[in-house]
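For reference, the structure is listed below as structure tokens.
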Amino acid sequence: MNKNPYEVLGVARDASDADIKKAYHKLVMKYHPDRNPDNKEAEEKFKEVNNAFDILKDPQKRAAYDRFGDAAFAGGNASGAGFGGNPFGNGAFHFDMGGGAGMEDILREAMRGFGFGGGPQRGAPQRGGRDLLDEVVIDLKDAFFGKTHTVKFSSNVTCEKCHGHATDDGKPAPVCERCGGSGFVQTRQGFFVTEMPCPECNGLGRKISKKCSECDGTGTQHKQRTLEVKIPAGIEDGARLRLAGQGEAGANGGPAGDFYLDIRIRPDKRFERHGNDLIMHVDVPFTTLALGGEIEIETIDDKKLEVKIPAGTQVGEKLRVRGHGMPLVRRSGAYGDLYVDVAIKIPTKLSDKQKKLLSEFAGIKSEKKSWF
Ligand SMILES: [Zn+2]
Ligand SMILES: [Zn+2]
């Protein structure tokens, strides 16, 4: 029996998708097997959290749960690898009265998420593997250059010995004759059609005479894995990278889930990012602003650059330095711009001569008001 997914994630019934994602992320990090080696309790929690998120992240599954509770998912213990994971559990019946979006449609939708084919031509009860999600925090400079991030984790993978077929010889098992490979048998009583997992093959659709010894007939194994994720130059904060098929292995030949990596970018001390553009704040002597001149800045890729300050530049003006912003992810070789936000540097120690000259300047200013 699955636990109430709302309770597992500690969110309210009406929690937003963002809240659900946040709660999931926190818990999945907390109970991740890599952080809790040989901790059975954490492993259970990890599974529960993933199961709960599986349901709540998907609007259709969530709606099905809200309406029917566990009945919508009974028996679909997604923890594992389990063959025979079957969303109808011990044979919930459905109404076969034709037409209209009823319970059947909703269940069918719910099933689709599990990798069951919807509709009458139901295939073997394959189940897609779970998606995995991780997060990495990188520096703005890493986002500028791009980097390869190595993720180490453990997950279910397709059994190497039987290639996921769960058979001792590693070949697909013959189709079950009783259910014709659907994994279900039906009996009709008047209006009602009772559908049950095929007792001959336990809903598998195939008859395995001898189980694979390596995976004990589950078709999957738990393994330490290492993924090298290429983070492209110009990636934005909050971006999510998807590695198709790198999630957990599916059951009974079902497709593997995907691996997702969320990218967070640490705030930078020198640069603010606005889309593809960067802003840097630079203190400039007021004489340079008034008379014009050049200042030297250092770009994000550590290049020294002379920037021209036009005479009469005001504090708060932003001088554009073309092509020294962030690279564009989708247009290789293109860059945003760098803006130099000009602030004034007031000298704190003045020599007598400087004081005299400034006093003279102030005097001229009061004589000719049109100066400013
Ligand atoms: Zn069968
Ligand atoms: Zn195997």
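Rg/Rh for the range 271-371 stands at 1.12; both radii use Cα atoms, and Rh follows the Kirkwood definition. Just need the relative contact order of the range 212-304 here, percent rounded to a whole number, with Cα pairs under 8 Å and 6+ apart. That works out to 18 percent.
Within the shell defined by Cβ-Cβ distances under 14 Å, the residues around HIS32 carry a net charge of -1, with Lys and Arg each +1 and Asp and Glu each -1. Pairs exceeding a 18 Å alpha-carbon distance, out of LYS308/LYS349; LYS21/LYS147; LYS3/LYS223; LYS3/LYS47; LYS47/LYS230; LYS3/LYS61: LYS308/LYS349; LYS21/LYS147; LYS3/LYS223; LYS47/LYS230.
Annotation: lysines with alpha-carbon distance below 21 angstrom to LYS304 (same-chain offsets under eight excluded): LYS141, LYS269, LYS318, LYS345. Amide H contacts for VAL321 (H built 1.01 Å from N in the peptide plane; partners 5 or more residues away or on another chain; cut-off under 5 Å): LEU338, TYR339, VAL340. According to a simple spin-label model (label point 7 Å from Cα along Cα-to-Cβ), what is the distance in nm between THR348 and LEU328? About 4.4 nm, to one decimal.
Read-outs throughout are calculated quantities, based only on the coordinates presented, and are distinct from any laboratory measurement. Everything quoted here is computed from the prediction, not taken from an experiment. So basically every Cβ, Gly included, is an ideal-geometry build from the backbone, and we count neighbours across all protein chains shown.
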